[in-house]
Every structure is written in structure tokens, then in C-alpha cells.
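In what follows, a structure is listed as C-alpha cells, so that the remarks can point back to it.
The values are calculated or read from the model by the stated rules, or taken from the named source; none is laboratory data. All figures in this text were calculated on a predicted structure; none of them were measured in a lab. Every residue, glycine as well, gets a Cβ built from its backbone with ideal geometry; the counts of neighbours run over all protein chains shown. Calculation scope for accessible area: heavy atoms of the full protein, side chains included, ligands and nucleic acids excluded. Shrake-Rupley method; radii C 1.70, N 1.55, O 1.52, S 1.80 Å.
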Amino acid sequence: MTLTIPGFDHIRLPGADGVELTAAVGGSGSPVVLLHGFPQTHLMWRHVAERLADGHTVICPDLRGYGASDKPTATDTAVYSKRTMAGDVVSLAAALGHERFALVGHDRGALVAFRAGLDHPETITHLGILDIVPTLDMWNVLHGVPAAVGYHLFLMAQPPGLPEAMIAGSADAFFGSFLDAWANNPTTMPEEVRAEYLSASAAAVTSIVADYRASADIDVTHDQADLDAGSQLAMPVTVIQQDWGAQLGYDAAAVWKAWAPDLDHRLTRAGHFMAEEAPDEIAAAIQDLLAR
């Protein structure tokens, strides 16, 4: 049985191009959409969603290719481009009657949120980003030995076939290694939640790889086109991340300032899975964002 957020409805909603997404929906008030990261599902938002639901309608979908959402075949990289996945988010919110909404994403979901902010500025009122830099910048800051922390990015960027076979052959070890390495406090992820993430990821190897492969191809093209055009995020933006700049040798706040003039950039002592490790901190930061 799929785990979901207690007290939330678990429903199917239309995304883009005939794809359907599964989402947990709860609370009432102005809408906030929360997008999960890798190797997780919407369940990662369970603590933050409950804190936000008192004053907001909170919508937590599984991204296409993840969890209980549809996993279309990647006939080309556009199927899992962040542009396409952003279209999913706009469509599912519209299906719930929300033409405008705040959007917060973590990890892969943050890349989708970033693209949604650029492609749909009339729809996204506020944008929250957890622990990434944009795709184009991500590739630009990965240099030398420190870049080994992102080895999976390079593995899943390879042509179809070998990455899928390698990962499927040791799925629990592969996905579990990130759950272990990226958490400052693994005890915040109960065994049943960890098992849910591992099961969902093992069932989605092909689509997860397709998501990552798009970020070494079409997503870079889209980001570069926006950079060349001088496009920026028009809405208030909050970025919360670990101090990756210090580790990889770049100015993370400056990277984000180039894209987001109205920026609140914060560093956290929590690990990568900050919504689970530090839900009070993350929920408070989202409330601060929504008040801007």
C-alpha cells in the first residue's frame, strides 16, 4: 500500500499530454504546490504539508515518472523535460480550480519549479527552491574531485540502456545510498518511509533515468535560451540550501541572484532532506515567502 500524508486526500489529476499524476491534497486557503525530489515521493512533504494546511490548500503530487504517477515512455528527452513536467503542475492545479498558486520544489522538483517560474510567470505567485542551482549552473559548477558528489548525474546522462541496467540490478543499494549519504540525521526518515522510497524508486528506474537524462540535454538548452534572452524569475523567490558554494567553490547566492532579482537566499544546517529533518524551519521559510 502506498504511503501518503495523513489526513490528506489521495487523488488522480490530469497533467500534460494525457499523463495523469497522483497527488495528496489537504487544507484550505490560498494554494501551495509542493514538489518532491530524488529518490522520494510526495511523502517527503508530510511534516511541512501538515504545518501549512491550517491556512493553505496544500497540493503534493508525485512527479511524472515517480511514485504513483504515470510513467510515460521517453520517446525523446522532451517527455521528461522540466518544461513538460512544469506543464503537468500547471495542469493539475488548474484541474483543482487554481489558476494561480505558490510553488515550492526540492531537488528534482525544484528544477521543475524553476522552469515553471520562467515559463508560467502569470501563474506562479511565489517560488521556493530547496537545495539546487538551475540545471545550466549545476553543470557549470561541477569540476574536479568535488564533483564526485554528483556522480549519479553523469551516470544517468549516458545513452539509454546501460544506466538503466546497472541501476535496476542493484536498485535498493543505489537509491538507498543517497538516502544514507545525504541525510544529516537518518533517524528522521522512519523505516517504513525509507521502504516506501526504495520500493517506488525501484519501480521507476527507467523514468527516473529519463528525468535525469533530460537534464543533460533539453533542459540545458532551455536554460541557455532563457539566459541568452535575459529572462528572470518575476515573482518573489526563496532559496534554501546547504553550503554547496563553499564545498564546490562558487557563490551560490550570486548564481541565484542572476535569475531571481527578488531573492531571499538562506543556508541551512540541515541535510539535503531538509523538509524531513527540519520541517519547522522549512515551513516557516515558506510562510515567510508567502507573506512577501
Which entry in (1) 6, 29, 38, 22, 5, 0; (2) 7, 31, 40, 21, 2; (3) 6, 25, 31, 21, 11, 5, 1 is this structure's computed P(r) over Cα pairs in 10 Å bins from 0, in percent? (2)
Would the range 175-292 count as rounded, prolate or oblate if I go by the C-alpha gyration tensor, calling it rounded below 1.5 in a/c and otherwise prolate when a/b exceeds b/c, oblate otherwise? oblate
So what is the calculated 222 nm ellipticity per residue for the chain, using -39500 (n - 2.57) for each DSSP H run with n of 4 or more, over all residues, to the nearest 500 deg cm²/dmol? -12000 deg cm²/dmol
Solvent-accessible surface (1.4 angstrom probe) belonging to E99, in square angstrom, nearest 10: 130
Need the full-extension length gain, D264 to E20, defined as separation in residues times 0.36 nm minus the C-alpha distance. One decimal, nm. 84.5 nm
Can you give me the distance in nm between label points at S170 and N140, each placed 7 Å from the Cα along the Cα-to-Cβ direction? 3.5
Karplus-derived 3J(HN,Hα) from phi for the range 240-251 (6.51 cos²θ - 1.76 cosθ + 1.60, θ = phi - 60°), whole Hz, x at Gly and Pro, runs 10, 8, 5, 7, 5, x, 5, 6, 10, x, 9, 9
Of all DSSP beta bridges in the chain, what percent run antiparallel (nearest 5)? 35
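Percent relative contact order of the chain, based on C-alpha pairs within less than 8 angstrom and at least six residues apart? Each step should come with its number before you reach the end.
Numbers: 541 pairs, mean separation 60.9, N = 292.
Computed over the chain, the figure is 21 percent.
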